[in-house]
Every structure is written in C-alpha cells, then in structure tokens.
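Before any comments, here is the structure.
The values are calculated or read from the model by the stated rules, or taken from the named source; none is laboratory data. Computed from a predicted structure; not experimentally measured. So basically every Cβ, Gly included, is an ideal-geometry build from the backbone, and we count neighbours across all protein chains shown.
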C-alpha cells in the first residue's frame with residue numbers, strides 16, 4: 001500500500017533570497033505596465049529595494065506570462 005502525502009506543493013519561490021511579495025511586485029510591474037527593466041529597477045530603488053535589472057528579467061522569464069515579444 002502506498003501512502004499519499006497531503007502536503008501542499010512546494011513554493012516556486014523557495015530557492016530565492018527575496019520574498020515572494022517582492023518577486024510578485026517586480027513581475028506585476030513589468031508585465032502590467034509599459035516599463036523597461038531599468039525603469040522597474042529604478043522604481044524599486046526609490047522604495048529601498050535593491051534589485052538588478054537582470055534579476056527583473058530573470059523573474060519575468062521565470063514567473064511572468066508567456067506572451068510573444070511583439071505583444072509588449
């Protein structure tokens with residue numbers, strides 16, 4: 001007889017040092033508004049969050065929606 005685990009699936013954010021709230025905010029800012037990667041970086045810096053634009057790109061690719069580039 002096999003036992004099935006009733007545990008919740010692991011969080012997709014478990015390997016990141018930043019909080020899930022920051023990652024969600026970054027992805028939402030980039031996807032929802034017409035901002036460049038550096039604009040998102042600058043807006044976060046104004047709020048005391050030090051994130052590189054390449055991190056914004058990585059999180060967008062990992063967690064953002066999958067639209068073709070011309071849709072942006």
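Details
- When the criteria are applied in full, residue 39 meets the requirement of being modelled with pLDDT of 95 or more and over 10 Å from the mean Cα position of the chain (by Cα).
- Matching residues, the stretch 25-41, being in contact with a helix residue (DSSP H, G or I) (Cβ under 9 Å, 6 or more places away or on another chain) and in a loop (DSSP other than H, G, I, E, B): 33, 35, 36
- Residues (surrounded by fewer than 11 Cβ atoms within 10 Å (Cβ to Cβ), part of a helix (DSSP H, G or I) and either modelled with pLDDT of 95 or more or in contact with a strand residue (DSSP E or B) (Cβ under 7 Å, 6 or more places away or on another chain) (or both)) located in the stretch 42-66: 46, 54
- Restricting the stretch 7-24 to residues that are within 13 Å of residue 55 (Cα to Cα) and assigned to a helix (DSSP H, G or I), the residue that is farthest from the chain's Cα centre (by Cα): 22
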